[in-house]
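Accompanying notes for the structure given below.
The values are calculated or read from the model by the stated rules, or taken from the named source; none is laboratory data. Just so you know, these numbers come straight off a predicted model, no measurement behind them. Here the Cβ positions follow ideal geometry from the backbone for every residue, glycine too, while neighbour counts run over all protein chains shown. Quick note on the areas: whole protein, heavy atoms, side chains included, nothing else; ligands and nucleic acids left out. Shrake-Rupley method; radii C 1.70, N 1.55, O 1.52, S 1.80 Å.
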Amino acid sequence: MNAPLPIDRIVAEAKAPHGAPRRSDADRERASEPDLPAPISEPYLLVLFSVPFIVDAAGRRWIDALWAKDLAEHTRYIHRLILASPRRDGPAPAHAIALDESPALAGITCVDLPAPRNLLSALAMLPRTAAILWKAIGAARFVHAGVAGWPIPEAWIMVPLLRLRPRPLYLNVESAFWRLVPGERPTLRRRLRAWLSEQLNRACMERCDFAMFTHEGYRGSLMPRHPERGHVGEASWIDDADVLSPADAHAGAERRRHRAGPLRLVFAGRLTREKGVELLLNAAAQAAHAGAWFELDLFGDGPLAAACAETIRTQGLAASVRMRGTLPYGASFFAALREFDALLVPTLSDEQPRIVFDA
């Protein structure tokens, strides 16, 4: 990783305002571009294990709608984006976006990686995965990865490969879910994994050329020797059109304050243990049995969806708690949030949820 990295340019791009109208490549190349510096025109490899491509029977490639929004923002300043992610075959999920239907995404070069089912299958697929990534590195000028991928963090593979095939490496940290939760009674296996993950991730961060963190705590704990290589930025893409004016925000607050009826609460996120949804429902049951008057709506889907529905039924929460499914990220989602009195974020893992910025 000896090649010079244009740190100042990428920092400026990372901190540039978002939400401007889409422009053609020619427009973006012009010096008159008001909100972004010169774009990155060299091939830029982004390696992401946690968000797969879905390829349907017709060969069309789909990705999660929220991830599609992220990618569209990135393509504003990265013009030759190479995306390496696991490929899964099957029908398109709800609210997924077809890459070839979005002008901002159609130019992305896709690299299909094996899609493991668990850690053991990921280890079995490791030689094939490394061979594909080795070839992708050869076509790239910059490499971008993370330290929180599933089931193996991308950086654990990319750092050794880049020692043999040097490229500037950019690492991104939005969560540290491997860390133990205060009050947790972890198994020996869990403690060992947390310790090993912390050590390996610190080692990876020390070997990268540039890093972005969602808060200062991550930079201080994961990059203590070279904090000058790390920069802190919010984990959110919120368009200007979705931000309320002060007058509208005040009017909405006044309307909710004087509204009759129960306290309206909302949870929005993946229905997983890490997001604290089980803890939330236990608290809701205790509050309801104590006579609290509230309504709680759960937006989201995930592996605990069936268990949540069963808890609502067995705890007698049907009158107070509703499962609302998912909403596409955007204007309809923000409009739904404004109808509630408070957002609940019972996250158990070490992360900075985007929903805090959205709310």
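For the reader, a short list of remarks on this structure follows.
- Scanning the stretch 323-349 for residues that are assigned to a loop (DSSP other than H, G, I, E, B) and charged (D, E, K, R) returns ARG338, GLU339, ASP341.
- Filtered by the rule that a residue be open to solvent by 30 Å² or more (accessible area, probe 1.4 Å), under 28 Å from ALA68 (Cβ atoms) and not acidic (Asp, Glu), the stretch 194-218 gives a lone residue, HIS215.
- Filter result for ARG264 (without any contact (Cβ under 8 Å) to a residue 60 or more places away in the chain and among the charged types (D, E, K, R)): no
- All of (1) crowded, with 16+ Cβ neighbours inside 10 Å; (2) more than 20 Å from the chain's Cα centre (by Cα); (3) within 27 Å of SER41 (Cβ to Cβ) hold for ARG163 with one exception: (1).
- When every residue of the stretch 202-222 is checked against the conditions, at least one turns out to be farther than 26 Å from HIS74 by Cβ and hydrophobic (A, V, I, L, M, F, W, C).
- Selection status of GLU234, over 20 Å from the mean Cα position of the chain (by Cα) and either open to solvent by 50 Å² or more (accessible area, probe 1.4 Å) or among the acidic types (Asp, Glu) (or both): no
- Residues in the stretch 168-184 that are of a type in the set (Gly, Ala, Ser) and touching a residue at least 12 places away in the same chain (Cβ under 8 Å) were compared, and the one that is nearest to ALA194 (Cα to Cα) is ALA176.
- Among (1) surrounded by 16 or more Cβ atoms within 10 Å (Cβ to Cβ); (2) among the charged types (D, E, K, R); (3) more than 28 Å from LEU180 (Cβ to Cβ) - the single one ASP350 does not satisfy: (3)
- Residue satisfying condition, being farther than 30 Å from ASP242 by Cα and not β-branched (Val, Ile, Thr), within set ALA305, ALA336, ALA342, ALA283: ALA283
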